[in-house]
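Structure, as structure tokens:
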Amino acid sequence: MTYKGYDILALRFGKDTIIYCDKTLNPYIEVSSDQIQEVCIYIRYHPELKFSFFFSLSGVDYPEKNRITLVYHLFSMKLKTLCVLKASVNRNHPELESIESVWKTAGWFEREIHDLLGVNFIRHSNMKRLLLPDDWVGYPLRKDYKEPLLYHDMETSRDKPS
Amino acid sequence: MKGNIIITDKNTIVSTMDDVINWMRKSSIWYLLFGTACCAIELMQTGGPRTDLDRIGSVFRSTPRQADLMIVAGTVTYKMAERIVLLYHQMADPKYVISMGSCANCGGLFQNSYSVLKGVDKIIPVDIYVPGCPPRPEALMEGVLAIREIMMKENYLKNHGRRSNDI
Ligand code: SF4
């Protein structure tokens with residue numbers, strides 16, 4: 001995202017909650033998790049930003065920090081630039097506002113992250129598992145996930161040939 | 001067919017019933033139209049003009065009730081595994097299974113995955129394993145030809161239409 005775009009955001013939300021990080025290869029903006037919906041609405045509809053295209057939403061598990069970070073990739077057809085937002089939530093109670101109402105397609109990504117990392121998105125229209133069976137136990141993309149020995153009486157491991 | 005008596009001037013072949021039944025069965029192996037991952041693309045190729053499964057009488061059926069052969073083509077997830085067992089039980093006896101590709105054989109490159117069954121032989125009996133990722137159409141053809149050989153050794157009449165277990 002251009003620095004100008006960040007200025008507009010910082011002007012509205014304050015430099016303490018919206019932190020710009022350009023030390024990494026791709027600069028990103030860190031947003032506090034309770035403000036994510038407001039920031040998204042603002043960034044999408046502001047006449048000078050217009051980040052109308054939602055690329056992807058992914059989740060990263062950091063067990064050592066006890067956080068789960070959500071990474072939002074947005075694109076603006078007006079500025080022709082990519083914007084990366086990051087919000088992190090507590091790993092024990094991962095909960096934040098759904099942005100399905102801003103970009104409809106984000107709902108699918110949120111369901112996937114709910115499925116694999118166990119993040120709960122508040123006010124999502126259908127917060128269920130997306131890919132795994134409904135009776136699955138645990139969240140497989142969390143780093144401390146242990147595979148059970150059996151799933152519905154099927155073995156989950158196979159002996160390596162000697 | 002071994003042991004057949006051919007009477008040329010009468011246009012007649014004398015054979016056993018089992019041999020004739022086996023010959024008819026092997027010349028019309030109908031397989032279940034069913035693919036679980038990328039191996040299915042190669043399964044389609046096998047039905048295509050170059051390898052042409054049709055020429056040995058193998059055509060796909062979209063319902064398990066009409067199928068003799070199940071080709072498990074691709075990665076089997078736990079979610080899919082339950083459906084595969086269901087389909088397998090819906091097929092009429094005698095039935096055969098080819099496990100196609102490393103994924104169906106042993107989990108393949110998804111060996112350490114949380115959601116993939118490590119080999120379809122954990123849930124259904126498998127007759128022929130075709131290795132490869134994906135196996136070439138020729139390899140699958142070889143597998144089907146091997147099934148034909150197995151079929152020729154069966155005694156369906158004696159076993160009331162079921163497969164003998166010693167093969
Ligand atoms: S064996 Fe290879 S080609 Fe076949 S389903 Fe697995 S990954 Fe795909």
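The values are calculated or read from the model by the stated rules, or taken from the named source; none is laboratory data. Note that the coordinates shown come from a computational prediction; the quantities given were computed from them, not determined experimentally. Here the Cβ positions follow ideal geometry from the backbone for every residue, glycine too, while neighbour counts run over all protein chains shown.
Okay, residues lined up against (1) away from the ligand (no atom under 16 Å from the Cβ); (2) within 19 Å of B:Cys39 (Cα to Cα); (3) at pLDDT 90 or above; (4) in a helix (DSSP H, G or I):
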| residue | (1), (2), (3), (4) |
| --- | --- |
| B:Pro94 | yes, no, no, no |
| B:Asn112 | no, no, no, no |
| B:Pro134 | no, yes, yes, no |
| B:Gly143 | no, yes, yes, yes |
| B:Leu157 | yes, no, no, no |
| B:Asn165 | yes, no, no, no |
Only one of (1) surrounded by fewer than 18 Cβ atoms within 10 Å (Cβ to Cβ); (2) closer than 30 Å to B:Gly119 by Cβ; (3) away from the ligand (no atom under 16 Å from the Cβ) is not met by B:Tyr31, so which one is it?
(1)
For B:Tyr78, state whether it is within 16 Å of the ligand (Cβ to nearest atom), at pLDDT 90 or above, surrounded by fewer than 20 Cβ atoms within 10 Å (Cβ to Cβ) and of a type in the set (Phe, Trp, Tyr).
yes
Hey, among A:Tyr151, A:Tyr72, which residue is crowded, with 17+ Cβ neighbours inside 10 Å, among the hydroxyl-bearing types (Ser, Thr, Tyr) and within 14 Å of chain B (Cβ to nearest Cβ)?
A:Tyr151
Please tell me if A:Phe55 is modelled with pLDDT of 85 or more and part of a loop (DSSP other than H, G, I, E, B).
no
I'd like to know if region B:128-136 contains one or more residues that are in contact (Cβ under 8 Å) with a residue 60 or more places away in the chain, more than 14 Å from chain A (Cβ to nearest Cβ) and either surrounded by 20 or more Cβ atoms within 10 Å (Cβ to Cβ) or under 11 Å from the mean Cα position of the chain (by Cα) (or both).
yes
Within region A:58-106, track down each residue that is β-branched (Val, Ile, Thr) and assigned to a strand (DSSP E or B).
A:Val60, A:Ile68, A:Thr69, A:Val71, A:Thr81, A:Val84, A:Val89
Being surrounded by 14 or more Cβ atoms within 10 Å (Cβ to Cβ) and of a type in the set (Ser, Thr, Tyr) is the filter here, so list the residues in region B:15-28 that pass it.
B:Ser15
Assuming B:Asn4 fulfils every condition listed in (1) away from the ligand (no atom under 16 Å from the Cβ); (2) modelled with pLDDT of 85 or more apart from one, which condition is it?
(2)
The lone exception for B:His89 - which of (1) closer than 16 Å to B:Pro64 by Cβ; (2) surrounded by 18 or more Cβ atoms within 10 Å (Cβ to Cβ); (3) more than 12 Å from the ligand (Cβ to nearest atom) it fails:
(2)
Do we have A:Asp34 as buried (at least 18 other Cβ atoms within 10 Å of the Cβ) and touching a residue at least 40 places away in the same chain (Cβ under 8 Å) here?
no
Index of the failed condition, B:Pro49 passing every other in (1) crowded, with 21+ Cβ neighbours inside 10 Å; (2) more than 11 Å from chain A (Cβ to nearest Cβ):
(1)
Hey, among B:Leu53, B:Leu43, which residue is within 16 Å of the ligand (Cβ to nearest atom) and touching a Gly at 6+ places or on another chain (Cβ under 7 Å)?
B:Leu43
Before we move on, is A:Tyr3 modelled with pLDDT under 90, aromatic (Phe, Trp, Tyr) and loosely packed, with under 15 Cβ neighbours inside 10 Å?
yes
Only listed residue being at pLDDT below 90 and closer than 19 Å to A:Gly118 by Cα, chosen from A:Asp16, A:Asp34
A:Asp34
Does region B:65-75 contain at least one residue that is within 15 Å of the ligand (Cβ to nearest atom), crowded, with 16+ Cβ neighbours inside 10 Å and within 14 Å of chain A (Cβ to nearest Cβ)?
yes
Please go through (1) more than 17 Å from the chain's Cα centre (by Cα); (2) within 16 Å of the ligand (Cβ to nearest atom); (3) in a helix (DSSP H, G or I) for B:Ser102 and return the number of the only condition it doesn't satisfy.
(1)
